[in-house]
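All remarks here apply to the structure that follows.
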Amino acid sequence: MALNTLNEIQKLWSRALEDLKKKISDVKVYDAFFKTAYIYSIEGNKLVLACDSKFALTILKQYADLIKESIDKESGSDFQIIITTQEDIESKPKEKIIEEKPVFFKSSIVDPNYTFDNFVVGLSNKEASQAGLIVSANPGDLYNPLFIFGGSGLGKTHLLNAIGNHIKETKPLKKILCITAQDFLYQYLEYVNNSQKNEDLAGFIKNFDVLLLDDIQMLNDKKKTLEFFFDIYQYFLQNKKLIVLTSDRLPSELTGIDARLVSRFMDGLTVQITQPNSQMCEDILKKKIVGAGLSLDEFDDDVISFVADKFKSTVRDLNGALNRIIFIKNLRHADHIDLDLATEALSSILNVSNGKKSVNEYKILNTVGSYYNLSVPQITGKLKTGQIALARHIAIYLIRQQLDLPLKKIGELFSNRDHTTIMYSVSKVDELLKTNEQYKIAINEIKKRLNG
Ligand code: ADP
Ligand code: MG
């Protein structure tokens, strides 16, 4: 009997159960311990049977011979049966149960941290994510190869591994090789230069059912490696084995790769991941905050929109920013993060990531605040006491003058004031500057601090 799909394996176990039922006199034991067990994996002649507790394990082990007898009878095989608990499977790396040492790509794994569950879907990656789900559900049958391209830090590696994890979970017998093109290159060179004659790299790779290859652009101009890859590539496609490739550029821009191979990359489906918008970045941040074991209540809303807005160019930067905030939060033992703390935590990266244009609205708010001894929320808030209102006018003026932000956007920063209020502040300061030497000095000093 073929044992290639989860369905076939489940069928084998239910038939073995029927057989066992006849042999086990104690119905309670059968119901409590046999019916709840299941076949976790079959690799070669090793069959792993999982049960739900240590106690069940002790019981099932007493019946090990009977279990083997029934499974062998129903499958027509001679299995080595390993009985273990669900808990042990979860806590042990898989290799410990199935002691099969790979000859090549020894450190290749599907990263368990990158899943569909923690992949936020929005406009920028909707197609890619859907395509990923479809190929996971029908590996090799639909859209082969799947080619995912997009700029650095936008989630290609995450999606690639999510596909791997999804297939692993739903089709545990599929053998998955998840590597970077860099790994592929090194392994190939190592193989060509020092291999033992009895090892066969191409054969080793062809033995997998799914090949997830990250950053294919790394093979640009690697002629020999590409030839070697092409043979494997065709084998996978012909045998309906899934290939997923990622690239930081379009296939047509892979100029260092033979055109015949590049055009074949487009045989399946090509999808793009683009830059996320602010809303999606906020969703990602929220997910990451909860994923880090924190509560959203610990963050002011404007902190999340601030970070999302500032770091939306790549999700990697976004994560970096969040990590810094959490780091500073822990360092300070702060139980709440407001915009002040966030701006401070990020001040160093904000300047770096903005390159030459190191002045931004948050820096202006902070600088005006420290000049007038006020906090940022005081400046952006609603109170109209003399000094506060003045500082607010100046901050608005400088943001408009130095950054040329739209009035509406500035209004949003200042407790959602409307654009006429913002215009009023700008003209008010303009006027003060013409008539009052003191304001001129103050504003020049603030500008000096801003740019210095
Ligand atoms: P790439 O491979 O395109 O350079 P990565 O997959 O390494 O980018 O993503 C960089 C970081 O951003 C990773 O930590 C990843 O988990 C995270 N990330 C990217 N996109 C998303 C998303 N849509 N949802 C959640 N996290 C994401
Ligand atoms: Mg990557």
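The values are calculated or read from the model by the stated rules, or taken from the named source; none is laboratory data. None of the values given here were measured: they were computed from a predicted structure. Cβ atoms come from the backbone with ideal geometry, glycine included; neighbour counts cover every protein chain shown. Remember, those area values only see protein heavy atoms, side chains included, never the ligands or the DNA or RNA. Shrake-Rupley method; radii C 1.70, N 1.55, O 1.52, S 1.80 Å.
Normalising by residue count, region 300-383 has a Cα convex hull of 100 Å³ per residue. Of the three principal axes defined by the Cα atoms of region 155-311, the extents in descending order read 62, 36, 30 Å. Relative to the compact-globule estimate of 2.2 N^0.38 Å, the Cα radius of gyration of region 246-354 comes out at 1.42. The amide H of G256, built 1.01 Å from its N in the peptide plane, has D221 as neighbours under 5 Å, considering only residues 5 or more places off or on other chains. Rolling a 1.4 Å probe over the protein chains gives M280 an accessible area of about 10 Å². D418 sits with roughly 90 Å² accessible to a 1.4 Å probe, with DNA, RNA and ligands left out of the calculation. Calculate the FRET efficiency for K287 and K409 from the Cβ-Cβ distance with a Förster distance of 22 Å, rounded to the nearest 0.05. It comes to 0.30.
The accessible surface of region 303-452, taken with every protein chain in place and a 1.4 Å probe, is 52 percent carbon and sulfur.
Near I83, the amide H atoms lying under 5 Å from its own belong to L49; only residues 5 or more places off or on other chains count, and H is placed 1.01 Å from N.
Applying both filters, DSSP loop and at most 16 other Cβ atoms within 10 Å, to the trypsin sites (Lys or Arg not before Pro) of region 2-70 gives K35. Look at the alpha carbon pairs under 8 Å that are at least 6 residues apart: their mean separation over the length of the chain gives a relative contact order of 11 percent. In nm, to one decimal, how far is the modelled label at T274 from the one at Q238, with both set 7 Å along Cα→Cβ? In this crude label model, T274 to Q238 measures out at 3.9 nm.
Using only alpha carbons, the chain has a radius of gyration to Kirkwood radius ratio (Rg to Rh) of 1.13.
Ordered from largest to smallest accessible area (heavy atoms of protein chains, 1.4 Å probe), the residues H333, H166 come out as H333, H166. With 28 Å as the limit on Cα-Cα distance, the pairs of K408/K440; K156/K222; K46/K156; K126/K288; K106/K224 that go past it are K46/K156.
Take the alpha carbon gyration tensor of region 111-150, find the square roots of its eigenvalues, order them as a ≥ b ≥ c, and report rounded if a/c is under 1.5; if not, report prolate when a/b exceeds b/c, else oblate. Oblate. Accessible surface calculations at 1.4 Å, restricted to protein heavy atoms, place region 261-407 at 48 Å² per residue. Report, in whole Å, the centroid distance computed from the Cα atoms of region 149-172 and region 180-235. Centre-to-centre distance over Cα atoms comes out at 20 Å. D52 sits with roughly 100 Å² accessible to a 1.4 Å probe, with DNA, RNA and ligands left out of the calculation.
Rounded to the nearest 0.05, what FRET efficiency do D117 and S427 have when you use their Cβ-Cβ distance and R0 = 51 Å?
Once rounded, the FRET efficiency stands at 0.45.
With the simple spin-label model, which puts each label point 7 Å out from Cα in the Cβ direction, the L133 to Q387 separation comes to 5.6 nm.
Starting from the Kirkwood Rh over alpha-carbon pairs, what translational D in µm² s⁻¹ does region 120-231 have by Stokes-Einstein at 20 °C and 1.002 mPa s?
140
Region 383-412: which trypsin sites (Lys or Arg not before Pro) are DSSP loop and have at most 12 other beta-carbon atoms within 10 angstrom? Here the sparse-neighbourhood loop sites are K384.
At q = 0.12, 0.13, 0.18 Å⁻¹ the log10 of I(q)/I(0) for region 21-94 amounts to -0.31, -0.36, -0.70, computed by Debye summation with a single uniform scatterer per C-alpha, solvent ignored. Rounded to the nearest 500, the 222 nm mean residue ellipticity of the chain from helices alone is -16500 deg cm²/dmol, with -39,500 (n - 2.57) taken per DSSP H run of at least 4 residues. So in the chain, what percent of DSSP beta bridges are antiparallel if you round to the nearest 5? Looking only at bridges with both residues in the chain, the antiparallel portion is about 15 percent. Restricted to Cα atoms, region 208-281 shows a radius of gyration and a Dmax of 13.8, 45 angstrom.
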